[in-house]
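The values are calculated or read from the model by the stated rules, or taken from the named source; none is laboratory data. Every value quoted in this text rests on a predicted model; they were computed, and no experiment measured them. As a convention, Cβ positions derive from the backbone with ideal geometry for all residues, glycine included, and neighbour counts pool all protein chains shown.
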Amino acid sequence: MSGAPALPLVARADADPYRPAIVDSQGEFTYAQLSDASARAAACLLGDLPDLAEARVAFLIPPGFEHVAVQWGIWRAGGIAVPLATSHPASELEYVIADSAASIVVGDEASAAVLEPLAKAAGARFLTVSGALGAKGAHLPAVAEDRRAMMVYTSGTTGKPKGVVVTHAALRAQITSLIEAWGWTGNDRVLLVLPLHHVHGIVNVVGCSLWAGAVCEMLPRFEAEEAWKRIESGRLTVFMAVPTIYRRLIVAWEAASEERRAEMSAACLKLRLMVSGSAALPAQTLARWRDISGHTLLERYGMTELGMALSNPLAGERRPGFVGAPLPGVEVRVVNERGEPVPPGTVGEIEVRGPNVFLEYWQRPDDTAAAFHDGWFRTGDTAVLEDGSYRILGRSSVDIIKTGGFKVSALEIEEELRTHPAIAECAVVGIPDDDWGERVSAAVELAPGAKLTLKALQAWSKARLAPYKVPRALRTVAALPRNAMGKVMKPEVSKLFA
């Protein structure tokens with residue numbers, strides 16, 4: 001269908017076309033079927049144009065073969081893929097479509113009623129998945145790797161979500177770095193339980209598996225029982241998830257019969273790698289999952305702007321609370337407030353440099369310029385390098401609390417609070433205070449049937465939290481506010497104390 005050189009990811013699919021690539025609720029699909037479907041999608045997107053020339057194409061399709069076929073089709077047509085979140089309300093979808101200036105919007109039949117009016121209001125062309133994949137092939141343009149490939153929106157924790165633009169070359173760098181570090185091969189089989197509007201699912205799971213020629217099983221959404229069934233099948237070799245998912249898998253394991261628990265745990269041992277990311281992994285969750293599965297979860301550190309930058313080793317010691325060393329091809333350093341590198345053991349901001357780093361924030365040149373310092377991307381995360389491994393202390397803007405002249409890590413206080421038998425989950429934030437600068441405040445989810453008062457918490461924490469100052473306010477909530485990846489939204493937590 002095209003005489004143009006294929007993008008590397010597509011070329012690798014064509015190299016071994018009859019291997020299974022994706023398994024979803026509709027069945028099993030080969031690399032040849034993915035290549036063919038994406039070429040048809042590209043032809044439909046192009047219409048009479050020779051090249052989309054980096055036009056933005058927003059698409060809302062649940063995880064599965066059709067999602068990947070459309071994403072690849074956008075790339076093969078020369079467009080910029082803008083994945084939309086299946087969990088977002090119409091107002092947030094409208095924002096992304098408008099902010100990205102999408103000229104085409106693609107949705108499945110279930111989302112058409114919401115998307116088509118939004119597309120029309122934005123002056124964009126609307127296509128259904130069936131229409132896109134039902135097109136006939138056409139000559140496709142040559143797409144160089146230095147062209148823009150994808151725009152993923154940040155979670156908007158400190159302001160309006162920003163479109164993070166990456167090139168095809170940056171995607172290649174992000175994927176191949178993980179292929180090398182985590183030992184991906186064509187013999188792997190991974191289960192996707194993550195949404196596909198974040199790099200965790202897009203790059204770490206789908207991108208790596210398809211680059212390696214492996215099989216990616218896809219669930220439309222995470223369900224603990226279904227995930228356990230897939231693990232128990234014995235076919236999986238790799239599993240990646242966020243801490244919230246591991247906690248739900250633990251709850252499901254604990255609710256199972258003793259006989260089935262043994263089967264579930266034995267099945268976990270057949271996997272070669274289990275990874276946790278996108279949020280800090282509580283030490284208790286790591287320890288409990290190790291007891292259940294026999295795996296010490298591999299923690300890593302990344303961002304929408306970077307893909308992944310740091311990782312614990314595939315083989316070697318994985319220390320709780322640490323996210324390892326720089327990945328292949330990635331440079332990392334810690335700097336002080338003046339932007340000067342600091343020695344190991346000194347707390348500072350993480351900066352990253354390498355081919356994996358994003359190109360720009362879409363139509364935000366001032367924000368883009370402010371995000372870099374002498375060619376290094378300023379992550380806004382505070383960390384310390386200890387014995388060759390990085391320990392993340394938190395997001396500088398929301399997790400580092402300045403109280404009484406000290407800088408306190410909210411993540412470290414949360415780890416201590418989770419050891420309290422009445423606390424199931426918690427979030428620590430800084431609240432403005434005339435005397436202390438910021439008051440250390442905690443919102444907690446109580447364990448079933450548990451009760452806890454502020455006075456009791458302060459009495460318990462007097463010794464445990466002496467280095468951090470005792471939490472000076474408490475709110476008990478039914479559920480902490482989280483985003484689609486299960487990460488607690490600290491600005492929303494702060495509103496509980498207003």
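Got a sec? Which of 257, 233, 276 is closer than 26 Å to residue 394 by Cβ and either in contact with a Leu (Cβ under 6 Å, 6 or more places away or on another chain) or surrounded by fewer than 14 Cβ atoms within 10 Å (Cβ to Cβ) (or both)?
Only one candidate qualifies: 276.
Please indicate, with yes or no, whether at least one residue in the stretch 50-63 is among the charged types (D, E, K, R) and over 19 Å from residue 85 (Cβ atoms).
Yes, there is a match, as at least one residue in the stretch 50-63 is among the charged types (D, E, K, R) and over 19 Å from residue 85 (Cβ atoms).
Applying the selection to the stretch 44-90, what residues are of a type in the set (Asp, Glu) and at pLDDT 95 or above?
Across the stretch 44-90, the qualifying residues are 51, 54, 66.
Out of the stretch 436-452, which residues are crowded, with 21+ Cβ neighbours inside 10 Å and either out of contact with any helix residue (DSSP H, G or I) (no Cβ under 8 Å at 6 or more places or on another chain) or of a type in the set (A, V, I, L, M, F, W, C) (or both)?
Within the stretch 436-452, 440, 442, 443, 444 qualify.
Check the stretch 81-101 and report whether any residue there is of a type in the set (S, T, N, Q), surrounded by 21 or more Cβ atoms within 10 Å (Cβ to Cβ), within 25 Å of the chain's Cα centre (by Cα) and part of a helix (DSSP H, G or I).
no
Does the stretch 192-205 contain at least one residue that is in contact with an Asp or Glu (Cβ under 9 Å, 6 or more places away or on another chain), part of a strand (DSSP E or B), among the aliphatic types (A, V, I, L, M) and crowded, with 23+ Cβ neighbours inside 10 Å?
Within the stretch 192-205, one or more residues are in contact with an Asp or Glu (Cβ under 9 Å, 6 or more places away or on another chain), part of a strand (DSSP E or B), among the aliphatic types (A, V, I, L, M) and crowded, with 23+ Cβ neighbours inside 10 Å.
Condition check ((1) touching a residue at least 60 places away in the same chain (Cβ under 8 Å); (2) basic (Lys, Arg)) across all residues:
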| position | (1), (2) |
| --- | --- |
| 356 | yes, no |
| 362 | yes, no |
| 366 | no, no |
| 406 | yes, no |
| 409 | no, no |
| 418 | yes, yes |
| 422 | no, no |
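Any residue at all in the stretch 158-177 that is over 30 Å from residue 488 (Cβ atoms), modelled with pLDDT of 95 or more, surrounded by fewer than 16 Cβ atoms within 10 Å (Cβ to Cβ) and not aliphatic (A, V, I, L, M)?
The answer is no, given that none of the residues of the stretch 158-177 is over 30 Å from residue 488 (Cβ atoms), modelled with pLDDT of 95 or more, surrounded by fewer than 16 Cβ atoms within 10 Å (Cβ to Cβ) and not aliphatic (A, V, I, L, M).
Check 413, 431 and return the single one that is of a type in the set (A, V, I, L, M) and surrounded by fewer than 19 Cβ atoms within 10 Å (Cβ to Cβ).
Exactly one of 413, 431 is of a type in the set (A, V, I, L, M) and surrounded by fewer than 19 Cβ atoms within 10 Å (Cβ to Cβ), namely 431.
Scan the stretch 1-30 for residues that are of a type outside the set (Gly, Ala, Ser), within 19 Å of residue 81 (Cβ to Cβ) and in a helix (DSSP H, G or I) and jot them down.
Within the stretch 1-30, 8, 9, 10, 12 qualify.
Take residue 261 and decide whether it is touching a Phe, Trp or Tyr at 6+ places or on another chain (Cβ under 8 Å) and within 29 Å of residue 321 (Cβ to Cβ).
Against the criterion (touching a Phe, Trp or Tyr at 6+ places or on another chain (Cβ under 8 Å) and within 29 Å of residue 321 (Cβ to Cβ)), residue 261 qualifies.
I'd like the full set of residues that are part of a helix (DSSP H, G or I) and either touching a strand residue (DSSP E or B) at 6+ places or on another chain (Cβ under 8 Å) or among the aromatic types (Phe, Trp, Tyr) (or both), limited to the stretch 209-231.
Of everything in the stretch 209-231, those that are part of a helix (DSSP H, G or I) and either touching a strand residue (DSSP E or B) at 6+ places or on another chain (Cβ under 8 Å) or among the aromatic types (Phe, Trp, Tyr) (or both) turn out to be 209, 210, 211, 227, 228, 230, 231.
Got at least one residue in the stretch 288-304 being under 23 Å from residue 178 (Cβ atoms), assigned to a helix (DSSP H, G or I) and among the polar types (S, T, N, Q)?
yes
Condition test on residue 438, is it among the charged types (D, E, K, R), within 27 Å of residue 317 (Cβ to Cβ) and not in a loop (DSSP other than H, G, I, E, B)?
For residue 438, the condition - among the charged types (D, E, K, R), within 27 Å of residue 317 (Cβ to Cβ) and not in a loop (DSSP other than H, G, I, E, B) - is not met.
Are any of the residues in the stretch 128-144 in contact with a strand residue (DSSP E or B) (Cβ under 6 Å, 6 or more places away or on another chain), buried (at least 16 other Cβ atoms within 10 Å of the Cβ) and not in a helix (DSSP H, G or I)?
No, the stretch 128-144 contains no residue that is in contact with a strand residue (DSSP E or B) (Cβ under 6 Å, 6 or more places away or on another chain), buried (at least 16 other Cβ atoms within 10 Å of the Cβ) and not in a helix (DSSP H, G or I).
Examine the stretch 342-351 for a residue that is surrounded by fewer than 20 Cβ atoms within 10 Å (Cβ to Cβ) and free of Cβ contacts under 8 Å to residues at least 12 places away in the same chain, and state whether such a residue exists. Walk me through how you get there before you give the answer.
Of the residues in the stretch 342-351, the ones surrounded by fewer than 20 Cβ atoms within 10 Å (Cβ to Cβ) are 342-347.
Remaining after also requiring free of Cβ contacts under 8 Å to residues at least 12 places away in the same chain: 342-343.
The answer is yes; a qualifying residue exists.
I'm checking my understanding of the structure. Among residues of the stretch 299-317 that are without any contact (Cβ under 8 Å) to a residue 40 or more places away in the chain and touching a strand residue (DSSP E or B) at 6+ places or on another chain (Cβ under 7 Å), which one is nearest to residue 261 (Cα to Cα)?
Only one residue tops the list, namely 299.
Taking the stretch 358-385 as the search range and keeping residues that are buried (at least 17 other Cβ atoms within 10 Å of the Cβ) and of a type in the set (Phe, Trp, Tyr), which one is farthest from residue 325 (Cα to Cα)?
362
Of the conditions (1) surrounded by fewer than 19 Cβ atoms within 10 Å (Cβ to Cβ); (2) in contact with a helix residue (DSSP H, G or I) (Cβ under 9 Å, 6 or more places away or on another chain); (3) of a type outside the set (Lys, Arg); (4) under 20 Å from residue 321 (Cβ atoms), residue 388 clears all except one; give me its number.
With (1) surrounded by fewer than 19 Cβ atoms within 10 Å (Cβ to Cβ); (2) in contact with a helix residue (DSSP H, G or I) (Cβ under 9 Å, 6 or more places away or on another chain); (3) of a type outside the set (Lys, Arg); (4) under 20 Å from residue 321 (Cβ atoms) applied to residue 388, the lone miss is (2).
Restricting the search to the stretch 395-435, which residues are touching a helix residue (DSSP H, G or I) at 6+ places or on another chain (Cβ under 7 Å), in a strand (DSSP E or B) and either under 18 Å from residue 284 (Cα atoms) or not β-branched (Val, Ile, Thr) (or both)?
Those that are touching a helix residue (DSSP H, G or I) at 6+ places or on another chain (Cβ under 7 Å), in a strand (DSSP E or B) and either under 18 Å from residue 284 (Cα atoms) or not β-branched (Val, Ile, Thr) (or both): 423, 426, 427, 428.
Is at least one residue of the stretch 310-331 among the hydroxyl-bearing types (Ser, Thr, Tyr) and over 20 Å from residue 182 (Cβ atoms)?
Keep residues of the stretch 310-331 that are among the hydroxyl-bearing types (Ser, Thr, Tyr), which gives 311.
Pick out the ones that are also over 20 Å from residue 182 (Cβ atoms) and you get none.
No.
Give me a count of the residues in the stretch 453-473 that are crowded, with 19+ Cβ neighbours inside 10 Å, hydrophobic (A, V, I, L, M, F, W, C) and at pLDDT below 85.
Residues in the stretch 453-473 being crowded, with 19+ Cβ neighbours inside 10 Å, hydrophobic (A, V, I, L, M, F, W, C) and at pLDDT below 85: 1 in total.
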